[in-house]
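Student: Right, I'll just put the structure down here and ask away after.
Read-outs throughout are calculated quantities, based only on the coordinates presented, and are distinct from any laboratory measurement. Given the structure is predicted, the values throughout are model-derived calculations rather than measurements. Cβ: placed from backbone, ideal geometry, glycine included. Neighbour counts: every protein chain shown.
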Amino acid sequence: MVSRKGSLLERNVKKIFDLAGFKTKQNIRLAGYEVDVYAKYKGFDVIIECKQREKSSVNLPNLIYTWTGKNKKIGATRVLLVIYGQRVSREHLKLAREENVIIWNEDHVDKFMDLAIEKKDKSLVYILDSLGITTEEVKKLRKRRVLVEEEIKIPQFGYFKGKIKSKELREWYEKRIEELNKEIRKKKTLK
């Protein structure tokens, strides 16, 4: 266990995943690397790196490539970068998507914290869906179209004012989920 206590952002992200039903650990070492938050749900695990910036900014391409490389040794289902206090460009989101990395910004943290506190039963499904992890719960919720009709900021689409057409979002999600599931199956066959 790493000795430092951890930032408020790390503790808040851990709390979001705890409330949603994940088993979590904060500031642990995996394959020799320090991970801010480790979250596990059923057979899926997520390594989470939290970066909070007030005046400086983080070099997102370097961060994305660094955690892609680290995850090759760790072997987690998903890498989640939580960036608080810095705008994430469409180019960075595209790069993250290409590298199988998910990025949350402060809007995601706030939304998921509220959801975890107010609607604990739904927060798990929303979080899994935002990570591109498909479970039966996610499939059921998608069929009811709950996930595609909310007005939220979605990192893979960038920053939008107003609603995104649900058909467009549903098509993107289906394509992306299929890509991510293929990657998971490929990883499992290589192990």
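Student: Just how far, in whole angstrom, is the range 28-47 from the range 57-128 if you go by their alpha carbon centroids?
Tutor: Taking the Cα centre of each part, the range 57-128 and the range 28-47 sit 14 Å apart.
Student: Given R₀ = 22 Å, what would the calculated FRET efficiency be for Met113 paired with Ser7, taking r from the Cβ atoms and rounding to 0.05? List each step's numbers first, then the result.
Tutor: Working: r = 15 Å, r/R0 = 0.68.
With a Förster radius of 22 Å, E is 0.90.
Student: Counting other C-beta atoms within 10 Å, and keeping those with at most 12, which DSSP coil trypsin sites (Lys or Arg not before Pro) do you find in the range 1-99?
Tutor: Qualifying residues, ordered by number: Arg4, Lys5, Lys42, Arg53, Lys55, Arg87.
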